[in-house]
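Down below is the structure, laid out as structure tokens.
The values are calculated or read from the model by the stated rules, or taken from the named source; none is laboratory data. Everything numeric here is computed off the predicted structure, so don't read it as measured data. Cβ coordinates were reconstructed from backbone atoms using ideal geometry, including for glycine residues, and neighbour counts include every protein chain displayed.
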Ligand code: IVH
């Protein structure tokens, strides 16, 4: 029945087109926007489906298909650099039978020669290529589209485990490339997300997205604060020291690189499976996220014989661990209102054990997420806790819907706390309760934020006390804290004399908390800790910030249109005007302290300074900041306007020659710092 076959062929071919479209979209969300919408497992399943279909229909072959190209992380704002050797991906599998197949395939392609497999952890971060010349880091580039990547050298220089200068005498080749993974350890990830939560900024789904989002920031200072780490796992170059991958990695460790302690050379498939099984459990105790095991043929000459396919080598494969998941019942959906009024839907689940902890709730993010899942009351849902901390509902088991399944979940239209009609601003995914002045969780949330550790650090008052003060009507906004007397609160639901006295004195002590933290404590939308610091540094006082124009705001580091608009709206609101006036009259710090301002001068005013080379006392970024703080201007190229060149080690010969030809002074790092310390005895 040819008709039937024609139908199947047409359906398969349409599916190929659909899968290519889906996988391109998922690649973009994963690599560029750092917000994946499907699990790795689902992504890999779709990729496998596409690859199988493409084998069935060779006439549909396309070198642009996602099966033939690595997902691209190229993003705006970075210089693109071509890789000397293409940066490929790895074939992957979730099945131990396919690991055995890989082993047999290698054996047969090598004509039965003995071979060793180097087993190592598959770190879940983003891949990076580092180029070293004469022992110095000269370039760091992301994988990009595999052919060219983004130049993120300035950011990578701020990762302390990546050496800028290698240990002398340890035998590194004059020029080589080393590749590896940039990671955000669980600890830094938790800290960052907790901070973002307190700011009601979207959380990073997992450490990989956080690492990748951080590395693509335009501000190396923030990169330095985020605690990124690295593991290097692949050495490339023409003059490598050893004939085996494992041995080369040991050499790289000696040169100063962070190379995993957990590599093992195996000669049999049983040893490989033991390694896999051991790490499937043990990886949960590691400080960083891993998502599988990578198996590499160890001998470089055998790697050469095995060669490459379009986007992966034949000499390696990744075995990926399944994310832990469980099926459970959706009992209800509730809604939380945060301090900015953002409403977050939360799934209440029948308790289920996942990765050793009982899961009862999972975030549903926002209205679109709920609607895309097409959730119904009483649905059986898949809950996953892969690289993520917060359990996620990844799918609904629609097959188990029956007559007792409830109705479709309809997102609420009114605030569950105060009844105000919710609003959704253009371009935003959250729904907001606009009643900021009298919606209780918003009021209490703002007070909780104000007293939090990174803001005013008023210890001894927690959310329960804030709730108590609010219910008793003595704290309606955080400025009320400063008029509390011990006698007002003693005997309130168990508050004794001593704790009442302590509370009042810690509140009073907070009057010396520096201006940048007061600014953060105000809780202006999108003004997190770093932005508050930048604003305080730029405007120096609350008065100046209040009067700043949109143009003045966006001229500040890291301040974009969204933040600028939010700052302007905050100070224009009559309720906030009242709060700001009270903040001033209470005597909180509303000016940058003299100490902070004192780090600055106009010593370099009118001077244009070029920075060249590698420095040992401060980083290049820090020198740029020091120059600006002291009134100077940093420029990237030498011209007649250059006042002097701040020279580190390894200055490019062309730059040196040009400066010398033009008679421009080359100033060493030490001389420059001395000049600043002596506040300008030399001109
Ligand atoms: S080797 C040509 N080793 O996994 C092969 N990759 O899914 C070069 N990855 O793009 C890669 N840990 O970002 C290798 N121990 C490891 C790895 C590893 C993590 C990443 C890497 C790669 C991706 C492939």
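A few notes on this one:
- Condition check for residue 203: within 24 Å of residue 520 (Cβ to Cβ) and more than 16 Å from the ligand (Cβ to nearest atom): yes
- Verdict on residue 357 being modelled with pLDDT under 90, farther than 26 Å from residue 95 by Cβ and surrounded by fewer than 18 Cβ atoms within 10 Å (Cβ to Cβ): yes
- Hits in region 85-113 (condition: part of a loop (DSSP other than H, G, I, E, B) and either near the ligand (Cβ under 10 Å from one of its atoms) or farther than 22 Å from residue 273 by Cβ (or both)): 85, 86, 87, 88, 89, 90, 91, 111
- Residue count for region 114-134 under the criterion of being more than 16 Å from the ligand (Cβ to nearest atom), in a loop (DSSP other than H, G, I, E, B) and surrounded by 21 or more Cβ atoms within 10 Å (Cβ to Cβ): the result is 0.
Here's the yes/no breakdown for (1) in a strand (DSSP E or B); (2) surrounded by 15 or more Cβ atoms within 10 Å (Cβ to Cβ):
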| residue | (1), (2) |
| --- | --- |
| 383 | yes, yes |
| 410 | no, no |
| 418 | no, yes |
| 425 | no, no |
| 435 | no, yes |
| 438 | no, no |
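- Residue 248 passes every criterion in (1) assigned to a strand (DSSP E or B); (2) at pLDDT 95 or above apart from (1).
- Within region 177-191, the set of residues being surrounded by 21 or more Cβ atoms within 10 Å (Cβ to Cβ) and either over 30 Å from residue 88 (Cβ atoms) or within 16 Å of the ligand (Cβ to nearest atom) (or both) comprises 178, 180, 181, 182, 183, 184.
- Among residues of region 52-78, those that are in contact (Cβ under 8 Å) with a residue 40 or more places away in the chain and not in a loop (DSSP other than H, G, I, E, B), counted: 3
- Within the option set 584, 540, being out of contact with any strand residue (DSSP E or B) (no Cβ under 6 Å at 6 or more places or on another chain) and within 29 Å of residue 461 (Cβ to Cβ) holds for one residue only, 584.
- Screening the candidates 155, 209 for the property of being in contact with a helix residue (DSSP H, G or I) (Cβ under 6 Å, 6 or more places away or on another chain) and either within 15 Å of the ligand (Cβ to nearest atom) or not in a loop (DSSP other than H, G, I, E, B) (or both) yields one hit, 155.
- Condition met for residue 296 (under 30 Å from residue 174 (Cα atoms) and part of a strand (DSSP E or B)): yes
- Set side by side, the residues 337, 343 differ, and just one is over 28 Å from residue 113 (Cβ atoms), in contact with a helix residue (DSSP H, G or I) (Cβ under 6 Å, 6 or more places away or on another chain) and away from the ligand (no atom under 16 Å from the Cβ), which is 337.
- Among the residues making up region 303-328, a single one is part of a loop (DSSP other than H, G, I, E, B), near the ligand (Cβ under 9 Å from one of its atoms) and either in contact with a helix residue (DSSP H, G or I) (Cβ under 8 Å, 6 or more places away or on another chain) or within 17 Å of residue 289 (Cβ to Cβ) (or both): 315.
- Being touching a strand residue (DSSP E or B) at 6+ places or on another chain (Cβ under 9 Å) and buried (at least 16 other Cβ atoms within 10 Å of the Cβ) holds for only one residue in 213, 244, and it is 244.
- Restricting region 280-297 to residues that are within 13 Å of the ligand (Cβ to nearest atom) and more than 20 Å from residue 189 (Cβ to Cβ) leaves a set whose member that is surrounded by the fewest Cβ atoms within 10 Å (Cβ to Cβ) is 294.
- Verdict on residue 241 being assigned to a loop (DSSP other than H, G, I, E, B) and within 16 Å of the ligand (Cβ to nearest atom): no
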